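The values are calculated or read from the model by the stated rules, or taken from the named source; none is laboratory data. Values in this document were obtained by computation on a predicted structure and should not be read as measured data. Glycine also receives a Cβ, built like all others from the backbone with ideal geometry; neighbour counts cover every protein chain displayed.
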Amino acid sequence: MVELRPLSAADVPEVRQWWREHWGGDTMIAHGEVFHPEALEGFAAEEGGRWVGLITCRLGQGECEITSLDSLQERQGTGTRLMQAVIQKAREAGCRRVRLTTTNDNLNALGFYQKRGFALLALRQGAVDETRKVKPAIPLIGQNGIPLRDELELELLL
Ligand SMILES: CC(C)(COP(=O)(O)OP(=O)(O)OC[C@H]1O[C@@H](n2cnc3c(N)ncnc32)[C@H](O)[C@@H]1OP(=O)(O)O)[C@@H](O)C(=O)NCCC(=O)NCCS
């Protein structure tokens, strides 16, 4: 049974460790901005005391930016539940939109977000190549054997 719970300040070390394991470093970088776990909110999906999913986000200035989303047990509804939890949080905070950044190789995520109401907003050509200069763990070849180069921004209007 997978249960969601909001993150607290005590979770920061585990978020950092999760990002190291899944995203190659203890910060996330999108549109040239560096995100640190201690400045973020979000939800963990837990099963038997173990994290099987994580979503992090930043709320402010009337919008919510999702800074990471992972599900380790795919196609069981966990990613959708994590997304819904953040959307509800954003609505309660009075946000006008939820935005996020993904990458050109991530065909699965592009489908996942668009099926859940997100629309493409921007293409930042070569943005991942720039980020790789400060985060060299980012591979040259990403998912699906696709060269990992660009950022794609999506938004969901609330
Ligand atoms: C993108 C991601 C978060 C989705 O998480 P997930 O847990 O697989 O998401 P869900 O299970 O809610 O939905 C995935 C699909 O499984 C389907 N599904 C859900 N429960 C299911 C079930 N019991 N049986 C069959 N299919 C099911 C959903 O309908 C969905 O398909 P759809 O998009 O065609 O509607 C996950 O694939 C992931 O972590 N990817 C790697 C990290 C990543 O790329 N993150 C995004 C970075 S921007």
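Observations on the structure shown:
- For the stretch 81-89, the count of residues that are farther than 22 Å from L152 by Cβ, within 13 Å of the ligand (Cβ to nearest atom), among the aliphatic types (A, V, I, L, M) and in contact with a Ser or Thr (Cβ under 6 Å, 6 or more places away or on another chain) is zero.
- Filtered residues of the stretch 103-117 (kept if outside any helix (DSSP H, G or I) and surrounded by 19 or more Cβ atoms within 10 Å (Cβ to Cβ)): T103, N104, D105
- Failed condition for G49, given (1) at positive phi; (2) of a type outside the set (D, E, K, R); (3) modelled with pLDDT of 95 or more: (3)
- Test: residue in the stretch 53-73 that is over 15 Å from the mean Cα position of the chain (by Cα) and farther than 29 Å from D150 by Cα: no
Okay, residues lined up against (1) touching a Pro at 6+ places or on another chain (Cβ under 9 Å); (2) more than 27 Å from M1 (Cα to Cα):
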site	(1), (2)
L107	no, yes
K115	no, no
F118	no, yes
G126	no, yes
P136	no, yes
I141	yes, yes
E151	no, yes
L157	no, yes
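- Considering residues of the stretch 33-67 that are surrounded by 21 or more Cβ atoms within 10 Å (Cβ to Cβ) and of a type outside the set (A, V, I, L, M, F, W, C) only, the residue nearest to the ligand (Cβ to nearest atom): G53
- Pairs are defined by a Cβ separation below 8 Å, a sequence spacing of at least 6 or placement on different chains, a first member in the stretch 105-118 that is more than 6 Å from the ligand (Cβ to nearest atom), and a second member that is outside any loop (DSSP other than H, G, I, E, B) and among the polar types (S, T, N, Q); the pairs so defined are D105/Q143; D105/N144; L107/Q143; L107/N144; L110/T102; Y113/T102; R116/T80.
- So I29, is it within 12 Å of the ligand (Cβ to nearest atom), in a strand (DSSP E or B) and of a type in the set (A, V, I, L, M, F, W, C): no
- Residue among L120, L140, L100 that is touching a helix residue (DSSP H, G or I) at 6+ places or on another chain (Cβ under 9 Å), modelled with pLDDT of 95 or more and surrounded by 14 or more Cβ atoms within 10 Å (Cβ to Cβ): L100
- Within the span defined as the stretch 2-18, one or more residues are within 12 Å of the ligand (Cβ to nearest atom), part of a helix (DSSP H, G or I) and either aliphatic (A, V, I, L, M) or under 14 Å from the mean Cα position of the chain (by Cα) (or both).
- Residues of the stretch 73-87 that are part of a helix (DSSP H, G or I) and touching a residue at least 12 places away in the same chain (Cβ under 8 Å): T78, G79, T80, R81, L82, M83, A85, V86, I87.
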